[in-house]
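The block underneath contains the structure these notes are about, expressed in structure tokens.
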Amino acid sequence: MTARLVASLYTEAMLLADETRSYFDEAGREDRDLLPPLQRVLFSCESLKVTTRLMHVVAWLLTRRAVESGEMSLAQARAPGRKLGPAAESDPGSVEVLPPVAQDLIEASCDLYARVARLEQEIDQPSPKASPARSLLSRLENAF
């Protein structure tokens, strides 16, 4: 993983966090107040889920930035407490009854979280051992 990828994801996460905070603290209040009581509760629950997802993503990316800058070792970054935190999934049926802006923010947070989770999984995969056959082929290619 490159520093450029981490920086890009961090910028995306911070912009999405700011957009989310702005919506749920301001315009979203008006949208929420227009909803029936049960949907208002769903709206509040989903806003917490979005916030939690983004918080975990930002924390994970800050850890990666610390590794890139030498402030933390890779071993420290791989400690269980530094892994991407768990985030509750959003129920598609619940999300579809929410205002369109809320739906977009929920979807964006789920997408970002899923991408970062895949990155973490790739980082934690042990490097595959070199195939003896490929090694022999490589040596033969280099010899001729």
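Values quoted throughout were computed directly from the atomic coordinates according to the rules given, and no laboratory measurement underlies them. Keep in mind the model is a prediction, meaning the values are calculated, not measured.
Numbers below:
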item	result
Integer Hz, Karplus 6.51/-1.76/1.60 couplings in order for segment 38-54, x for Gly and Pro	5, 5, 5, 5, 4, 4, 5, 5, 5, 5, 5, 5, 4, 4, 5, 4, 5
Segment 99-117 and segment 70-95: distance between their alpha carbon centers, rounded to Å	16 Å
Base-10 log of normalised Debye intensity for segment 70-144 (one unit scatterer per alpha-carbon) at q = 0.22 Å⁻¹	-1.01
Principal axes of segment 3-143: Cα extent on each, largest first, Å	74, 33, 25
